[in-house]
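Scroll down for the structure; my scribbles are underneath it.
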Amino acid sequence: MISLVRRGWLAGTLFVAVWLGFVAMSATPGNAGGVRRPNILVILTDDQRWDAMGCAGNTLVPTPNMDRLAREGVRFANVFVTTSLCSPSRASLLSGRYARQHGVRNNFTEFPNNLPGYPSRLQDVGYETAYVGKWHMGEDNDEKRPGFDHWFSHRGQGNYFDNEFNNDGVRGKVPGYYTSVVTEHALEWLARPRSRPFLLVLGHKAPHGGPIQPEPRFEHALDHLAVSRPVNADDHSGPGKPSWLRESLPTWHGLNGPLYGQKTYDRFVRAYLATLLSVDESLGRVLALLERSGQLDDTVVIFTSDNGFVLGEHGRVDKRTMYEESIRIPLLVRFPRMATPGLVVSNLVLGLDLAPSIVSIAGARPLPGIEGRSWVPLLKGQRVAWRSSFLYEYNYEPQFPYTPNVRGIRTADWKFIRYPHGDGGPDRF
């Protein structure tokens, strides 16, 4: 009897020891079940529509490095934001929630510090995290946000030239073109020795206006291109159009204003696209560094944008509306462990799917109360039950009175849009 008890005690002790060892190994920073967690690099542009890259069929702007990601990874062809406005969309990317859930309903609201997002989840499992570039949630606040060990960002929109940055609490103007400045800083951070996996979010200003300013060496790179107005540029006042659109002047006539700074339509489109030449070159430099250091295939490289942009279609130049050009964004993912090279995914994917996907890949604790879902099975080419529709919402801003409240539903084939009253009052949808 004593022998049996002792034997059972030893077996139980051994089981506990093995179990504790497994837990300790799993909990070791940078490990997921004994396997090193992958690095994660998120490259985020501002106002880049889904078709502003060669791999999506654009013949005007060369984007060899974006095209490389599509060739060596997966291109998601039908990716949409649920609010086509910078701050609400960025909050959705971080949190996996709709604007009505995370509360960032305009461009002047901070991301709530107590709201869980993927950066803090990755910190919890041992990632070294950094944010470099445009944040744009909270116009007057450049302080380091929760979830990031390193912070190199600024207030509001930032400037294309000689922008002021907050570098972990040290503020100062950094001379040079925005894309080059944030790229150099990102490369320096990536080159630092580290024993843990990293999360780096690299936020570009391009191709956002204010006004749109290409890098000087690319300013005339696309001058040879013939740019034609969209066939539906004047399709804004006919039968069936909403009253607010019929009664408003086409915004693409105001291209020489402070937001866009271009006097003709073709110059405007060339300037918009020319800023992406710098972004694509930046992407190539980052990929080259990861490749030289042997980290590229161990890094999940994600390229996307906060919302699309209307380039004259429907008589508009902006976002906010639920037009396809406004709500549809690029999403490229390269990660050889999971991504099927050259795969094009046609499922309806949303910006708010980014957070749960990253959390899933990193093996971190799931985010609570979210509407987004992980696209990792799609990345692997698996056939899974997926959404067939989604909600779109935009909330009226008094500073931009030319667009009312927007509520809509999009399916694979149809779009239903309503425009509740535009005074910022309660929803009618």
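The values are calculated or read from the model by the stated rules, or taken from the named source; none is laboratory data. Everything numeric in this text was worked out from a predicted model, so none of it was measured. We place every Cβ from the backbone using ideal geometry, glycine too, and count neighbours over all the protein chains shown. Note: accessible area is taken over every heavy atom of the protein model, side chains too, but ligands, DNA and RNA are not part of it. Shrake-Rupley method; radii C 1.70, N 1.55, O 1.52, S 1.80 Å.
Values for this structure:
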item	result
FRET E, pair L225, N78, Förster distance 35 Å, beta-carbon r, rounded to 0.05	0.80
Helical contribution to [θ] at 222 nm, DSSP H n ≥ 4, -39,500 (n - 2.57), averaged over the chain, rounded to 500	-8500 deg cm²/dmol
Hydrodynamic radius of segment 314-359 per Kirkwood, over alpha carbon pairs, in Å	13.2 Å
Cβ charges +1 (Lys, Arg) and -1 (Asp, Glu), total dipole of the chain, debye	1460 debye
Dipole of the chain [Lys/Arg +1, Asp/Glu -1 at C-beta], most positive-end residue of S305, S89, F76	F76
Inter-probe distance in nm under a simple model that places probes 7 Å from Cα toward Cβ, at I417 and V35	4.4 nm
Sparse-neighbourhood loop sites, GluC sites (Glu not before Pro) in segment 71-147 - DSSP loop, at most 12 other Cβ within 10 angstrom	E143
Cα pair distances of the chain binned at 20 Å [whole percent]	25, 56, 14, 3, 1
Dipole of the chain [Lys/Arg +1, Asp/Glu -1 at C-beta], most positive-end residue of M322, L290, S195	S195
Local electrostatic count at H204 - Lys and Arg +1, Asp and Glu -1, tallied over other residues with Cβ under 9 Å	+1
Cα gyration tensor, segment 38-130 - rounded (a/c under 1.5), prolate or oblate	oblate
Within the accessible area of segment 120-173 (1.4 Å probe), percent carbon and sulfur	40 percent
Mean-position separation - Cα centroids, segment 105-158 and segment 169-204, in angstrom	14 Å
R49, R229, R75, ranked by accessible area, largest first (probe 1.4 Å)	R229, R75, R49
Residue of D223, D353, D413 that the Gaussian network model of the chain assigns the largest fluctuation, springs spanning Cα pairs under 10 Å	D413
Accessible surface, 1.4 Å probe, highest first, among residues K173, K380	K173, K380
In Å², nearest 10: area of Y178 left accessible to a 1.4 Å probe	0 Å²
Pairwise centroid distance, computed over Cα atoms, of segment 309-372 with segment 283-298, Å	23 Å
Probe 1.4 Å, accessible area per residue of the chain, Å²	41 Å²
C-alpha center-to-center spacing [segment 231-248, segment 45-85] in angstrom	28 Å
Sites S389 and L343, calculated FRET efficiency, Cβ-Cβ separation with R0 25 Å, nearest 0.05	0.60
Rough spin-label spacing in nm, given labels placed 7 Å along Cα→Cβ, for E188 and D297	3.2 nm
Distant-in-sequence amide H partners of I40 (H built 1.01 Å from N, under 5 Å)	F198, L199, L200, V300
Too-long pairs where the Cα-Cα distance tops 21 Å, listed order kept, from K134/K263; K319/K415; K380/K415; K134/K319; K173/K205	K134/K263; K380/K415
Selected from G138, I358, T109, residue furthest toward positive end of dipole (the chain; charges at beta carbon)	I358
FRET efficiency estimate (nearest 0.05) - Cβ-Cβ, K241 to D124, R0 60 angstrom	0.75
Segment 26-157: relative contact order in percent, alpha carbon pairs under 8 Å with at least 6 residues between	17 percent
